[in-house]
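Step one of this worksheet: look at the structure below.
The values are calculated or read from the model by the stated rules, or taken from the named source; none is laboratory data. Quantities reported herein were computed from a predicted structural model and do not represent experimental measurements. We place every Cβ from the backbone using ideal geometry, glycine too, and count neighbours over all the protein chains shown. The accessibility values were calculated without ligands, DNA or RNA, using every heavy atom of the protein model including side chains. Shrake-Rupley method; radii C 1.70, N 1.55, O 1.52, S 1.80 Å.
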Amino acid sequence: MSNLRIIPRLDIKGPNLIKGIQLEGLRVMGDPQKFAIRYYEAGADELIFIDIVASLYGRNNLSDIVRRAADQVFIPITVGGGIRSVDDARHILRSGADKVAINTAAIARPELITEIARRFGSQAMVLSIEAKQVAAGKWEAYTDNGRERTGLDVLEWALRGVELGAGEILLTSVDREGTRRGFDIDLIRQVSDAVPVPVIASGGMGSLGHFIQAATEGHADAVSMADVLHYNRIGLHEIREAGRQAGLAVRVL
Amino acid sequence: MEKIPYPKAVDYSRYEGEAHAYEAKYGLPSEVRFCVRCVISNQRPNSAVEYKHVKESKKQTINLDEEGVCDACRFAEKKRAEIDWEERERQLVALCDKHRSKDGSYDCIVPGSGGKDSFYASHILRNKYGMHPLTVTWAPHIYTEWGWKNFQRWIHAGHDNLLFTPNGRVHRLLTRLAVDNLFHPFQPFMLGQKFLAPKMALLHKIPLVFFGENEAEYGNPISDTESSKRDWSYFTAADQSKVSLGGVSVHDLKQYFGLEQQDLIPYLPADPYQIEAQKVEVHYLGYYLKWHPQSCYYYAVEHGGFQASPERTPGTYSKYNSIDDRIDDFHYYTTGIKFGIGRATYDAAQEIRSGDITREEGVALVKRFDHEFPERFAEEIFQYLSIPEKEFPQASKMFEQPYMTREYFMALADNFRSPHLWKWEDGQWKLRHAVWHSEHLPK
């Protein structure tokens, strides 16, 4: 069994690291580079950078931030936000990213998933899904940082995305994001159990228990977190230690 | 009184070519200017005394100073740099100390919807300042599902609440009249909302009322912020004969539309002599505490599980403010028609002033979302605005076409467009001046 990865998630707007609640009410936290280095040094397994307003503004300006981070951070970096073409993906990978995460553009044109997977390999094509619960056991995929409905069923879209070539799924619960109420375990388990590729649980972590639950009950392969780290509520070391004590296969530093 | 006619077709020639200064409607400034700091334009009307609002009313609009900065931005600057918030908080504590009940009875009234701002106001008054607030709510026209849930979350976070729901038929009729006469579907709601708390204060003998932020945060004259107290003219009137609702006088509402005095009670302002006699004080909490809508949202999530709406509101990017009422979408759509200012402009201007987004981002948001037609609840709203004979035997006769249809609404919209803001070009309406036009961007 591969390691349960611990992945700080850095949402970016313009030059700043930001944080919202349910992807709304975005608050400026500071310089993303400082946070990235801090998390790398504290033992993060990977990092995720998402330009969360790239689709909203039709822009993409993460490459400088990624280039700076890649100079000093030597763990895998996933970058998302505003990637709309193979060229965009190439550009961001050349800037130092190891994988690209795509949501809005993949829903607009699903073949993009296949094009990127063929060109750079499935391992570099992460399908990002923003899921909002619409009924018990049912979620709808959203675009534009949780703003626009698509009518797509999350489970069906995840399966289709993998068929098209996605090698990993970043699964964010819009309802839980930023609330510290815990991951949407039902959502994570349904998707994790259905797809043959790794699933990163995202949205809602507020305690060490939530982290463990995502792996044991949610069957997540990786857990991403933002609020608890950005606001210094819990340290990466504590998270790793809690995982180890719970018997989870976390990387030993 | 004449029947309310079907809106006539507009003369497009008045909207072609260049604008003529004399054609600015509603007393709006003929030259359109945008604040160089936020995205608001000088066409934004200040809060009006709504019960005096009739077809012919002229608007007072937001002031832009010689540097091109609006009063709301100046006030935001003042909030950051000049105001001594610790001193203001001491004043709040003194005010609370003066009124706090010893026996656990209610000592203040907090009006609100249970949205993020009223959630913050009542909760912090109760939990930090030891007050015993009675919250009062003037119901939306038609609740959104999430608005209703957030309202419940507010109450369940530890508040007593009086929910006042006006007579649906009367509310529909007044709203329809406000649409036809003023293109202002929110007016009856605003009347009730402004009057309810002072009137409840009289009824329940609770002399202290806290509203949230001062409207000057959004552009009323900056001098309004020098007092913690709300101007009485917004919520009292001594003489009922001077009151109009939906642009129709009380007299005509009774004579021609079949309304009785009882139907009008909720919409009538409080009696200033009673307010004086009972020493009711109406304060803005925003005078004492530095108001930040985004922080109110965080606070409401933290202390009561407040939820953003599941999708962005039409006409804007936002999911966390003004999300209770299905007719709200239309309120902002109509301000877009009349003043050229849509929902994204209001939201972005506020967030720029609070430092949450940049002006460049705000401009992009306005360009993308402002003036979007609010499709999601449209059919339901047109039904709501219809006055069928079966439900309104007398009032329906006063409309040439009692049923509100999309065609009717759009024809009405065209009648409310001012030629100095809109032009008719290539078969569609376009803004003559928009904040994303390069000449309006700051140097």
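Computed with a 1.4 Å probe over protein heavy atoms only, the accessible area of B:Asp426 comes to about 130 Å². Within the protein assembly as shown, antiparallel bridges make up roughly 35 percent of the DSSP beta bridges whose residues both belong there. Is the shape of the stretch B:243-313 best called rounded, prolate or oblate, per the rule: a/c under 1.5 gives rounded, else a/b larger than b/c gives prolate, else oblate, with a ≥ b ≥ c the square roots of the Cα gyration tensor eigenvalues? Oblate, since a/c reaches 1.5 and b/c is not below a/b. For the peptide A:143-151, the mean number of other protein chain Cβ atoms found within 10 angstrom of a residue's Cβ is 3. Its Cα gyration tensor gives the stretch B:111-155 an equivalent ellipsoid; the semi-axes, largest first and in whole Å, are 21, 10, 7. Qualifying GluC sites (Glu not before Pro) in the stretch A:10-66, where qualification requires a DSSP coil assignment and no more than 15 other C-beta atoms within 10 Å, are lacking entirely. Mind running the shape call on the stretch A:5-246? Use the C-alpha gyration tensor, a ≥ b ≥ c as the square roots of the eigenvalues: rounded below 1.5 for a/c, prolate if a/b tops b/c, oblate otherwise. Taking the square roots of the gyration eigenvalues as a ≥ b ≥ c, the stretch A:5-246 is rounded. With the simple model of a label 7 Å out from the Cα in the direction of the Cβ, B:His437 to B:Glu31 spans 1.4 nm.
How much of the DSSP bridge set in chain B is antiparallel, in percent, rounded to the nearest 5? So the antiparallel bridges amount to about 40 percent of the total. Using 0.36 nm per residue and subtracting the Cα-Cα separation, the extra length available between B:Phe373 and B:Lys55 on full extension is 112.1 nm. Heavy atoms of the protein chains alone define the surface here; on that basis the stretch B:12-431 has 39 Å² accessible area per residue at 1.4 Å probe size. Here each label is just a point 7 Å from Cα along the line to Cβ, and for A:Ile75 and B:Gln383 those points are 5.4 nm apart.
For chain A, the 222 nm mean residue ellipticity estimated from helices alone, with every DSSP H stretch of n ≥ 4 adding -39500 (n - 2.57) and the total spread over all residues, rounds to -10000 deg cm²/dmol. Loop-located GluC sites (Glu not before Pro) in the stretch B:183-291 (DSSP state other than H, G, I, E, B) with a sparse environment of at most 14 neighbouring Cβ atoms within 10 Å: B:Glu260. Couplings 3J(HN,Hα) of the stretch B:292-299, computed from phi: 9, x, 5, 5, 4, 4, 4, 4 Hz, in residue order, whole Hz [Karplus 6.51 cos²θ - 1.76 cosθ + 1.60, θ = phi - 60°; x for Gly and Pro].
Excluding ligands, DNA and RNA and using a 1.4 Å probe, chains B and A jointly bury around 2100 Å² of accessible surface, summed across both partners. If you plug the beta carbon distance of B:Glu16 and A:Ser85 into 1/(1 + (r/R0)^6) with R0 = 30 Å, you get a FRET efficiency near 0.15. Coupling constants for the stretch B:141-148 follow from the phi torsions by the Karplus curve (6.51 cos²θ - 1.76 cosθ + 1.60, θ = phi - 60°), and in residue order they are 4, 9, 4, 7, 4, 6, x, 5 Hz; glycine and proline get x. Label sites at B:Asn167 and A:Ala108, each approximated as a point 7 angstrom past Cα along Cα to Cβ, lie 5.2 nm apart. Do any of A:Lys132/B:Lys229; A:Lys19/B:Lys78; A:Lys34/A:Lys99 go past 31 Å between their Cα atoms, and which? Violating the 31 Å limit, Cα to Cα: A:Lys132/B:Lys229. Each residue of the stretch B:73-84 was assigned a 3J(HN,Hα) from its phi angle through the Karplus curve 6.51 cos²θ - 1.76 cosθ + 1.60 (θ = phi - 60°); the sequence is 5, 4, 5, 4, 4, 5, 4, 6, 9, 9, 6, 8 Hz, with glycine and proline shown as x. With a cut-off of 8 Å between alpha carbons and a minimum separation of six or more residues, what is the relative contact order of the stretch B:174-295 in percent? Over the stretch B:174-295, the number comes to 41 percent. Restricting the stretch B:52-135 to GluC sites (Glu not before Pro) that sit in a DSSP loop and have at most 10 other Cβ atoms within 10 Å of their own Cβ leaves B:Glu56, B:Glu66, B:Glu67, B:Glu82. For a label point 7 Å from the Cα of B:Glu400 along Cα→C-beta, name the residues of the stretch B:253-283 whose backbone N is under 20 Å from it. Residues B:256-257 qualify, since their backbone N sits under 20 Å from the label point. If a/c stays under 1.5 just call it rounded; otherwise compare a/b with b/c (prolate if a/b is bigger, oblate if not). Do that for the stretch B:260-373, with a ≥ b ≥ c from the square roots of the Cα gyration tensor eigenvalues. Verdict is prolate for the stretch B:260-373.
State the answer as a single residue: which of B:Pro198, B:Ser244, A:Tyr231 lies farthest towards the positive end of the charge dipole of the protein assembly as shown, with beta carbon charges of +1 for Lys and Arg and -1 for Asp and Glu, about the Cα centre. Going by the Cα projections, it comes out as A:Tyr231.
Note on B:351-361: average number of Cβ atoms from other chains within 10 Å of each residue's Cβ is 3. Identify the residues of the stretch B:283-308 with backbone N under 20 Å of a label point that sits 7 angstrom from the Cα of B:Ser223 along the Cα-to-Cβ direction, or state none. Of the residues in the stretch B:283-308, B:284, B:287 have backbone N under 20 Å from the label point off B:Ser223. In percent, rounded to a whole number, the relative contact order of chain B is 24, using alpha-carbon pairs under 8 Å and six or more apart. Over the stretch B:12-431, the alpha carbon radius of gyration divided by the compact-protein estimate 2.2 N^0.38 Å works out to 0.97.
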